[in-house]
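Student: Handing you a structure now.
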Amino acid sequence: MTVTTLALAVLLASTTSQATDTPFGAVACAPLERGGYAVYGAAGYPELRVGFRQGFQGFEVGAEAGLGYLSMDFFATAAGRRTLLQRGAMNLALDAKLGGFVDAGSRWAVSDNRSEAGLRVEIGSSLTYKTHWPLSWLAFVKVPAEIPFTSEGSVRVAGLLGGGAEIALSNEYFLLLNGAFGPDFRTHVPQSARLSVEAMLGFGYRVF
C-alpha cells in the first residue's frame, strides 16, 4: 500500500512539474525560456509588425520590422529583454529596442508629417502573469522615441501604458490581444503634444 501511494505521489509531482514547465507564449509574454524560439506577426492600429524571439537563460534577443501605415513610417529594430524579478507565475522584465526608421512623409492621415529618417529607440518594462493554461496576462509601460538624423527633423517621444492577454490556441500557436495609450510629444510641428493610442492583434508560432 505504501509503495502504491509513493508511486502515485511521484507521478502526480511529475505531472505537475511538466505542466508548470510547459513552454508558453510566442508574441509578447515574459522572456522565452532557454532554447525557446518563436516567430510572430501583429496588425492593428496604427501599425503592422513581424519579428522573431530567441530565448536564453534569463533573457532573450530578437528583431522586429514594421510599417506605421498612417504616416508610411518603415522601421526595423533589434530587441532584448531580461528578467528582473521572477516570483512563481509572475515575471517582471526590462525591455529595450534599437534600430532605425524611414518616414516617407505621407500626409493622408497625419497632416504635419514630414519625410525623414533616423534612429528608433525604445525602453520599457513588462509584467507577465501566467494563469492556468491557456491564458497569460500582460501589463507594460514603454517609451518609444524617434530621433532624426538632421536637426530640422521632428523628434518624437511617447510614453505608453498598456496591457493585454496572450491566449494559447495549441502548444505551438498563440493569439495576442493588447492595447495601450499615452502622451506623444513631437518637435517642429504645429501640434507638439497629442494622444497616442495602440490596439493590436498578434499571432505567434513556437518553433521550439
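The values are calculated or read from the model by the stated rules, or taken from the named source; none is laboratory data. None of these values were measured; they are calculated from a predicted model. A quick note on method: Cβ atoms are made from the backbone with ideal geometry, for glycine too, and the neighbour counts reach across all protein chains shown.
Student: Filtering the range 159-189 down to residues that are in a loop (DSSP other than H, G, I, E, B), farther than 18 Å from ALA38 by Cα and not polar (S, T, N, Q), which residue is modelled with the highest pLDDT?
Tutor: GLY159
Student: Of all the residues that make up the range 116-128, how many are buried (at least 17 other Cβ atoms within 10 Å of the Cβ) and closer than 21 Å to PHE181 by Cα?
Tutor: The qualifying residues number 7.
Student: Same structure, new question: Which residue pairs have Cβ atoms closer than 8 Å, lie 6 or more positions apart in sequence or on different chains, and pair a first residue in the range 61-84 that is under 28 Å from SER106 (Cβ atoms) with a second residue that is in a loop (DSSP other than H, G, I, E, B) and modelled with pLDDT of 95 or more?
Tutor: If the second residue must be in a loop (DSSP other than H, G, I, E, B) and modelled with pLDDT of 95 or more, the pairs left are GLY68/PRO46; TYR69/PRO46; LEU70/PRO46.
Student: Does the range 40-69 hold any residues that are part of a strand (DSSP E or B), of a type in the set (Phe, Trp, Tyr) and under 20 Å from VAL207 (Cβ atoms), and which are they?
Tutor: TYR40, PHE52, PHE59
Student: Among the residues of the range 36-51, is there at least one that is within 23 Å of TRP133 (Cβ to Cβ) and of a type in the set (D, E, K, R)?
Tutor: No, every residue in the range 36-51 fails to be within 23 Å of TRP133 (Cβ to Cβ) and of a type in the set (D, E, K, R).
Student: If the requirement is being surrounded by fewer than 17 Cβ atoms within 10 Å (Cβ to Cβ) and in a loop (DSSP other than H, G, I, E, B), which of these qualifies: TRP137, TRP133?
Tutor: Result: TRP133 is the single residue among TRP137, TRP133 that is surrounded by fewer than 17 Cβ atoms within 10 Å (Cβ to Cβ) and in a loop (DSSP other than H, G, I, E, B).
Student: Counting only residues that are part of a strand (DSSP E or B), farther than 20 Å from ILE147 by Cβ and of a type in the set (Lys, Arg), how many does the range 70-117 have?
Tutor: 3
Student: Same structure again: Assess whether SER192 counts as being at pLDDT below 95 and either closer than 21 Å to ALA28 by Cβ or of a type outside the set (Phe, Trp, Tyr) (or both). Lay out the reasoning, then the answer.
Tutor: Working: at pLDDT below 95: yes; either closer than 21 Å to ALA28 by Cβ or of a type outside the set (Phe, Trp, Tyr) (or both): yes.
Yes, satisfied.
Student: If you don't mind, another one. Restrict the check to the range 149-156 and report whether at least one residue is of a type outside the set (Val, Ile, Thr) and either closer than 18 Å to GLU47 by Cα or touching a helix residue (DSSP H, G or I) at 6+ places or on another chain (Cβ under 7 Å) (or both).
Tutor: For the range 149-156, residues of a type outside the set (Val, Ile, Thr) and either closer than 18 Å to GLU47 by Cα or touching a helix residue (DSSP H, G or I) at 6+ places or on another chain (Cβ under 7 Å) (or both): present.
Student: For the range 80-92, check the following and say yes or no: at least one residue is β-branched (Val, Ile, Thr) and closer than 19 Å to ALA158 by Cα.
Tutor: In the first step, residues of the range 80-92 are kept if they are β-branched (Val, Ile, Thr); the result is 83.
Of the ones still in play, those that are also closer than 19 Å to ALA158 by Cα are none.
The answer is no; no qualifying residue exists.
Student: Something else: Would you be able to tell me the number of residues in the range 174-205 that are in contact (Cβ under 8 Å) with a residue 24 or more places away in the chain and under 17 Å from ARG49 (Cα atoms)? Before you say what the answer is, go through the steps one by one.
Tutor: So the first thing to find is which residues in the range 174-205 are in contact (Cβ under 8 Å) with a residue 24 or more places away in the chain, and the list is 174-178, 180, 182-191, 196-205.
Okay, now just the ones that are also under 17 Å from ARG49 (Cα atoms), so 174-178, 180, 197-205.
The qualifying residues number 15.
Student: Quick check, is SER111 of a type in the set (S, T, N, Q), out of contact with any helix residue (DSSP H, G or I) (no Cβ under 7 Å at 6 or more places or on another chain) and without any contact (Cβ under 8 Å) to a residue 24 or more places away in the chain?
Tutor: Judged against the criteria, SER111 is a match.
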